[in-house]
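Heads up, the thing below is written out as structure tokens.
The values are calculated or read from the model by the stated rules, or taken from the named source; none is laboratory data. If you're wondering where the values come from, they're calculated on a predicted model, not measured in any experiment. Glycine also receives a Cβ, built like all others from the backbone with ideal geometry; neighbour counts cover every protein chain displayed.
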Amino acid sequence: MTTDPRQEDPLFDARLFEEFYGGQPQAILWFSPIWSDDGQQIVDFAFTYANTEGLEYLKLTPAQFKNLTIRNSPTLSAELRNQVLDEMKWVYETGKKATSSIFNAALNKHARVMRSKLRGGILTVVQDFTREKKMIATLQAQKSSLEQGARQLEQQKTLLDNILKNTSNGICVTRAIRNDDGIVIDAVVIIANDAAVHATGVPREFFINKRVTEIQPGIVETEYFQGSAMTLETGNPFIWQHMIEPTGRWIESTVSRLDLNHLIHIFTDITPLKQVQLQIEQSASTLKSVFDAAQTGMALLDPVYNENNEIIDFRFVLVNATISNLVHQPPALLTGDLAGNWFPGYLATDAFKMYRDTYLTGQRQRRELHYDADGLDRYLDIQCIKLNNQLLVCLSDHSFLRKSQLKLEQTIASLEQSNRYLEDFAHAASHDMREPLRKILLFVDQLKSSVSSTIDPEDLRILNRIESAARHLNDFVRDLLSFSYISQQRLVKHTIDLNEIMQAVLDELELSIAEKHAVITVEPLPFVEGNARQFEQLFQNLIGNALKYSSLNAQPVITIRSQLADAALVAARLPRNPKEQPHYIIEVIDNGIGFSQQYAEQIFDMFERLHTKSQYAGTGIGLAIARKVVENHQGAIWAESEPGKGATFFVLLPVVH
């Protein structure tokens, strides 16, 4: 015999049950079904959970409770055992609730029992009314004795008063009101104990000697009223749960006939238990709605075995529309059927292997699979989780993003190849142009020397313009070669002292600094890793740029300083910074003519100039070289400026490990 591996709801969760039922005043029991070896029928139910009240009711210790079933439990009499088993089978198979009043000779107790299917088992709520049963028997015996005399009547009244006062259950007596045809149309509450008043939440003055239709309008149409009227006619007890509308409280009532016109109602406030039940039902309904509406594909699967006990397929227990839409069918059509019937190709894919391995090992798995079967071409992010004896599969369709990514990667590869061709072409073209330019400058110089005394002014002006254009083109080719060299050079890094680099740059720019009468302040700079020649080009372009665009009305003042960069700044400028590596921030600050901040990105583009060649000489490549050097060293460069207020160039470089 085995526990059913195909339960529709999640299995027993001890912590959840204890949280909901541990503190309940009623005996709460939960039984799990035991199935025949062929899994076709329930042969027994196992005692799986009992709260403290349940153990006390059964007179068992937790150790004695283990391994008990309906068939072997000493807590059931032989006469009651088959009745209980049949009732629990009926509840499990139909999903309907069952309520009954029983006498258990094994415990010598009377009880009201409510059974309902919950989480793949049977939830049983037992209300011990042995005392009430005895009290009712006593009341009925006392009723017979009332005819014997006033003394016995007084004794019965005293006993009844004590019972009503001391019992923890609500007890009230109603007198039926009939019409001229003898049909019960209303009732009056003539007796009610304090527990009854407390359980209903209705003040005593609105309870005693009041018609029930005044207490709860519309009650005549309820099943509770109709069942009570039937008990009055037949004498058969009636058990019912209902809500008292004025107070919103839930009570469970047992209605017994006292005589042809009076009923005894014994009830318990089950509001907390009912609220928990309603919450569970609402949560289950909400979870089902979320499951059905989820954009992520979700399915709950049962394994299917062959005669060798090998998993050969999985069966849909639950499936949402996201998955069923793959075969253009509603979820209900797939539920209960084999996955292989709808997706025959999946049995030969890694998806089936993933499902099987997760189920057998219990290890959660998640991976992306290219599902190219059953007429589908999808990139799926699949996650598998084993839940007790079932498998939960969640999948997201990343086909659009994945295909776009592959297309983008192909485009990037194509662009990178084109860039390499362009860089090779620029390098070759620039290199080949240098020699003709050198000859042009040489011949112009020789020509000017040989004809300087005889040439007219206009011809001399033309020669000077030729020389100027050739020199500008020579500078352009030189800078283009520098950029090409930086782009193509295999970067071999060494530990570099930027103080030495800066001194070499200042020595190189000594003439320009002197001509401008510039004041340059260099604060201590850090050690970094990289290529010394490239760092020379970086700072030569930044300082040369500051000298070139100095103000005509003020002495050029340039400051170079550095410090450790703030982590937030690094994260903003370098979002892909590996392992949050620390960086230095180096600032080159000048008091030159500045520029509008809207051009702060544009100035680093190749051949980009904010001024004409007649205003400021240059090729428009220097800052592009600077940016390329910084990018080669996994850093960042940007500028901040205002017209007439100078500019600051910022450089982020990684700290040496």
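A few remarks follow.
- Of all residues in the range 28-36, none are without any contact (Cβ under 8 Å) to a residue 24 or more places away in the chain and either within 37 Å of the chain's Cα centre (by Cα) or part of a helix (DSSP H, G or I) (or both).
- Matching residues, the range 195-204, being in a loop (DSSP other than H, G, I, E, B), without any contact (Cβ under 8 Å) to a residue 40 or more places away in the chain and in contact with a strand residue (DSSP E or B) (Cβ under 9 Å, 6 or more places away or on another chain): none
- Residues that are under 18 Å from residue 305 (Cβ atoms) and surrounded by 15 or more Cβ atoms within 10 Å (Cβ to Cβ), drawn from the range 330-353: 338, 339, 340, 346, 347, 352
- Pairs, first closer than 15 Å to residue 626 by Cα in the range 582-594, second part of a strand (DSSP E or B) and among the charged types (D, E, K, R), C-beta under 6 Å, six or more apart: 587/561
- Output for the range 205-261, where each listed residue is charged (D, E, K, R) and either part of a loop (DSSP other than H, G, I, E, B) or over 53 Å from the mean Cα position of the chain (by Cα) (or both): 205, 210, 211, 233, 245, 257, 259
- When 186, 180 are checked against the criterion of being acidic (Asp, Glu), part of a loop (DSSP other than H, G, I, E, B) and farther than 28 Å from residue 97 by Cα, 180 stands alone in meeting it.
- Counting the residues of the range 498-549 that are polar (S, T, N, Q) and in contact with a strand residue (DSSP E or B) (Cβ under 7 Å, 6 or more places away or on another chain) gives 1.
- Cross-chain or 6+ apart pairs with Cβ under 9 Å, the range 626-640 first and farther than 19 Å from residue 536 by Cβ and hydrophobic (A, V, I, L, M, F, W, C), then modelled with pLDDT of 90 or more and surrounded by fewer than 20 Cβ atoms within 10 Å (Cβ to Cβ): 636/650; 638/650; 639/648; 639/650
Quick grid of which residues meet (1) crowded, with 17+ Cβ neighbours inside 10 Å; (2) part of a strand (DSSP E or B); (3) over 36 Å from the mean Cα position of the chain (by Cα); (4) at pLDDT below 90:
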| position | (1), (2), (3), (4) |
| --- | --- |
| 8 | no, no, no, yes |
| 12 | yes, no, no, yes |
| 44 | yes, yes, yes, no |
| 49 | yes, yes, no, no |
| 55 | no, no, yes, no |
| 63 | no, no, yes, yes |
| 84 | yes, no, yes, no |
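- Filter pass, residue 555 being touching a Pro at 6+ places or on another chain (Cβ under 7 Å) and either modelled with pLDDT under 80 or more than 13 Å from residue 636 (Cα to Cα) (or both): no
- Search result, residues across the range 525-548 that are hydrophobic (A, V, I, L, M, F, W, C) and either more than 13 Å from residue 504 (Cα to Cα) or surrounded by fewer than 18 Cβ atoms within 10 Å (Cβ to Cβ) (or both): 525, 527, 528, 532, 542, 546, 547
- Inside the range 538-568, residues that are under 22 Å from residue 500 (Cβ atoms) and part of a strand (DSSP E or B) make up a count of 7.
- Members of the range 259-295 that are modelled with pLDDT of 65 or more, loosely packed, with under 11 Cβ neighbours inside 10 Å and closer than 30 Å to residue 333 by Cβ: 282
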